[in-house]
1. Residue check: is GLU126 at pLDDT 90 or above, surrounded by 12 or more Cβ atoms within 10 Å (Cβ to Cβ), among the acidic types (Asp, Glu) and not in a helix (DSSP H, G or I)?
2. Cβ-Cβ distance below 6 Å, separation of 6 or more or different chains: which pairs start in segment 104-123 with a residue that is among the charged types (D, E, K, R) and end on one that is surrounded by fewer than 22 Cβ atoms within 10 Å (Cβ to Cβ)?
3. Quick one: ARG72 ticks every box in (1) within 22 Å of MET216 (Cβ to Cβ); (2) of a type in the set (Lys, Arg); (3) free of Cβ contacts under 8 Å to residues at least 40 places away in the same chain except a single one, so which number is it?
4. Which pairs turn up if I take residues in segment 44-69 that are over 24 Å from PRO155 (Cβ atoms) and free of Cβ contacts under 8 Å to residues at least 60 places away in the same chain and look for partners that are charged (D, E, K, R) and part of a helix (DSSP H, G or I) with beta carbon separation below 7 Å, at least 6 apart in sequence or on another chain?
5. Taking segment 152-191 only, how many residues are in a helix (DSSP H, G or I), touching a Ser or Thr at 6+ places or on another chain (Cβ under 8 Å) and either buried (at least 19 other Cβ atoms within 10 Å of the Cβ) or not aliphatic (A, V, I, L, M) (or both)?
6. What pairs come up if the first residue lies in segment 138-152 and is within 17 Å of PRO110 (Cα to Cα), the second is surrounded by 16 or more Cβ atoms within 10 Å (Cβ to Cβ) and among the aliphatic types (A, V, I, L, M), and their beta carbons are under 6 Å apart, counting only those six or more places apart or on different chains?
7. Filter segment 129-151 for residues that are surrounded by 17 or more Cβ atoms within 10 Å (Cβ to Cβ) and part of a strand (DSSP E or B) and give the result.
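The values are calculated or read from the model by the stated rules, or taken from the named source; none is laboratory data. Everything numeric in this text was worked out from a predicted model, so none of it was measured. All Cβ positions, even for glycine, are placed from backbone atoms using ideal geometry, and neighbour counts span all protein chains on display.
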Amino acid sequence: MDELIHIPRSGILNREILLSHTDTLLETVPDYRELLMEYSGAMRTIRTKLEILDSEFSLKCRHNPIISIQTRLKSQSSIMAKMARLGIPVNRKSIEENLNDIAGLRVVCPYLDDIYMIADALIQQEDIELIQKKDYIDTPKPNGYRSLHLIVRVPVGLSDGRKRVKAEIQIRTIAMDFWGSLEHQIKYKKDSGDTGNIVERLKACADIIAFTDKEMQAIRMEMDKQAK
């Protein structure tokens with residue numbers, strides 16, 4: 001029978017409970033390593049596509065629209081914690097159907113229009129299936145977070161055929177990535193006193209960064225016009 005891990009109504013998973021179940025995936029899902037190999041294949045497939053697009057657009061736009069690409073596989077403990085929050089059974093089918101972010105890519109671009117140019121070019125490819133698109137640039141989160149999120153499914157070539165595997169892609173500017181990285185660090189500091197004040201200041205910083213992104217793009221576009 002599939003094992004369910006329960007958490008308190010507060011939504012906080014006790015650290016001891018989580019650690020005691022850290023190996024459950026390996027015990028309950030015998031082919032867990034094979035599963036991660038497939039997700040790793042999906043990341044490599046998408047990364048290659050992005051690198052090719054970057055090379056193509058660098059010729060057309062006279063600048064590289066991608067500065068960096070980072071990839072990561074969700075850890076066992078993070079997978080277990082998320083499954084616990086969702087209250088879903090620990091098995092391969094459940095993982096594949098309910099978790100969209102085991103394979104994750106973060107793409108950093110210099111300008112706002114690069115984000116949409118890269119995203120549109122990627123999802124228009126015939127072997128890319130767009131499952132979900134969340135535009136946190138057009139509609140930021142309440143804390144000021146901005147980024148374009150894509151959930152896609154891509155084919156991964158295996159010995160017994162091709163399998164379509166899901167991955168999450170976050171595309172953002174340098175400024176958004178800077179803010180997101182620092183906000184992530186600050187969010188997990190437990191000894192902060194006036195959290196309300198900190199939240200307001202972080203939101204203000206996000207708004208300033210958003211204005212800067214728009215200004216930098218406007219400057220680049222003006223420079224491009226003068227160069228013609």
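1. On the way: at pLDDT 90 or above: yes; surrounded by 12 or more Cβ atoms within 10 Å (Cβ to Cβ): no; among the acidic types (Asp, Glu): yes; not in a helix (DSSP H, G or I): yes.
The answer is no for GLU126.
2. Note: pairs meeting the criteria are ARG106/GLN70; ARG106/GLN170.
3. (1)
4. Within 7 Å, the pairs are ASN64/ASP54; PRO65/ASP54; PRO65/ASP114.
5. Of the residues in that region, 3 qualify.
6. ARG146/ILE137; ARG146/MET176; SER147/MET176; LEU148/ILE115; LEU148/ALA119; LEU148/ILE137; LEU148/ILE171
7. Residues of segment 129-151 surrounded by 17 or more Cβ atoms within 10 Å (Cβ to Cβ): 137, 140, 144-150.
Once the filter is applied, which keeps residues that are surrounded by 17 or more Cβ atoms within 10 Å (Cβ to Cβ) and part of a strand (DSSP E or B), segment 129-151 yields LEU148, HIS149, LEU150.
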